[in-house]
1. Hey, what number do you get for the chain at 222 nm if only DSSP H runs of n ≥ 4 count, each worth -39500 (n - 2.57), divided across all residues, to the nearest 500?
2. Just the number, please: carbon plus sulfur as a percent of the accessible area of the range 286-386, 1.4 Å probe, no ligands or DNA/RNA counted.
3. Which aspartates and glutamates have a Cα less than 14 Å from the Cα of residue 384, not counting those fewer than 8 places away in the same chain?
4. So the label point goes 7 Å from the Cα of residue 298 along Cα→C-beta, right? Which residues of the range 317-359 then have their backbone N under 12 Å from it?
5. State, to one decimal in nm, how far the label point of residue 352 lies from the label point of residue 373, with both points 7 Å from Cα in the Cβ direction.
6. Expressed as a whole number of Å, what is the distance separating the alpha-carbon centroids of the range 344-394 and the range 136-151?
7. Multiplying the sequence separation of residue 152 and residue 380 by 0.36 nm and subtracting their Cα-Cα distance, what value in nm do you get?
8. What GluC sites (Glu not before Pro) in the range 326-394 are in a loop by DSSP, with at most 15 other Cβ atoms within 10 Å of the Cβ?
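The values are calculated or read from the model by the stated rules, or taken from the named source; none is laboratory data. Source: prediction; values computed, not measured. Don't worry about glycine lacking a Cβ; one is built from the backbone with ideal geometry, like all the others, and counts go over all protein chains shown. The accessibility values were calculated without ligands, DNA or RNA, using every heavy atom of the protein model including side chains. Shrake-Rupley method; radii C 1.70, N 1.55, O 1.52, S 1.80 Å.
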Amino acid sequence: PSSSSARCSCSARSSSSSTTTASQQQRYAFLAELGLSQTIPQKGVYDGHTWYGSGPQHQQINPATGEVIGTVQFGTSDDYQQAVFAMLAAKDKWALTPAPIRGEVVRRIGQRLREKQQALGALVSAEMGKILAEGVGEVQEAVDICDYAVGLSRSLNGSVIPSERPGHFMMERYNPLQGCVGIISAFNFPCAVYFRNLAISLICGNVNLWKPAETTSLVAVASMKIIQEVLKEGGHDPAIATLVCGTGKDVGELLIQDGRMELVSFTGSTAVGRHVNQAVAGRFGKALLELGGNNAMIIDQDADLDLAVRATLFGAVGTAGQRCTSLRRLFVHEGVYEEVVGRVGKAYASVRIGDPLDSATLCGPLHTRAAVAMFEKTVEKARKEGGQVLVGGK
């Protein structure tokens, strides 16, 4: 998933406040369960042994309210290098660990995520802006991929191949990458995207460095705390999963240009993905790209309109339209056009937009002021091209 144009109207976030009220402390009580604090800055770099960070402090904002949820101290280029060195030192031992044992580690990570699902899901909701049900559901995605990876850890089968030489045969086996894996995740799925990469990579015997989106760094710190606990309890070097929070132009650019990162997984916009692909291909690295979408639904004359309208609303309003699978256009048969437009309009009018932590909210805010400006620009362009705004639009 990655960001795409918004599909629902919402307000720009208000200006943030540096003070923490008693009501805010109660509202964000889940932070303590995740080992975080609303008032004490969190170090945003973890090399498997130490939490640190020499870069600027970055406030993490609830986009629905403008409240400061917490502060993360970003890493610098030197901090990045220290994390990579620690990861390389842990590489050989992890690569030689049998795959089923690596799978057991991932199983334990999935179990710990289950235990922290409600708290971590609430943090996803508060920091990213998706509604609480989606935040908790995203953590479930992380749990599910851990379960899937556990099965794969006992399924890395190779072939036994006949040889033309008497008394010989050939055998193939899976080996970890010679280099490291770099994971750059997007704001809209700050938890699930990382674990979809990490769980599979770990059972394959790779070491991994995570560069999360700047605006969802608290989710990254909380997730890494969960992982490090499991690795330490199992006697494994936590440096097989490292974290460097920072900006794309600093840490992100270092990562994609780093020849030690044999595989770079990037989730984000198509424009940035193109740059990542060119940089990684230029040094003959491998790239996994999950980029933006431009999705349409066709509603034919014989379609089940009840189902079509529900699918339209879910596809377009989910995550406030900020994902690569968001529905952006409808192609409607002229025979059912008026009915579909009427039904979709009523459906949109029923959507409650507001605080994502409120269980009655169906659509949370756009993630940043820049996204709000993009929404407003898109609506104005549609008007100029002859479009009509039937619901919302502001």
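1. Working: 13 runs with 168 residues, N = 394.
About -13500 deg cm²/dmol.
2. Values: 3190 of 5880 Å².
Ligands and nucleic acids excluded, carbon and sulfur reach 54 percent.
3. 376
4. Once the point is set 7 Å along Cα→Cβ of residue 298, 331-333 turn out to lie under 12 Å by backbone N, inside the range 317-359.
5. With each label placed 7 Å out from Cα toward Cβ, I get 3.3 nm.
6. Between the Cα centres of the range 136-151 and the range 344-394 lies a distance of 31 Å.
7. Numbers: separation 228, 0.36 × 228 = 82.08 nm, distance 4.92 nm.
Residue separation times 0.36 nm, minus the Cα-Cα distance, leaves 77.2 nm.
8. Details: sites: 334, 338, 339, 376, 380, 385; in loops: 334, 385.
Hits after loop and neighbour filter: 334, 385.
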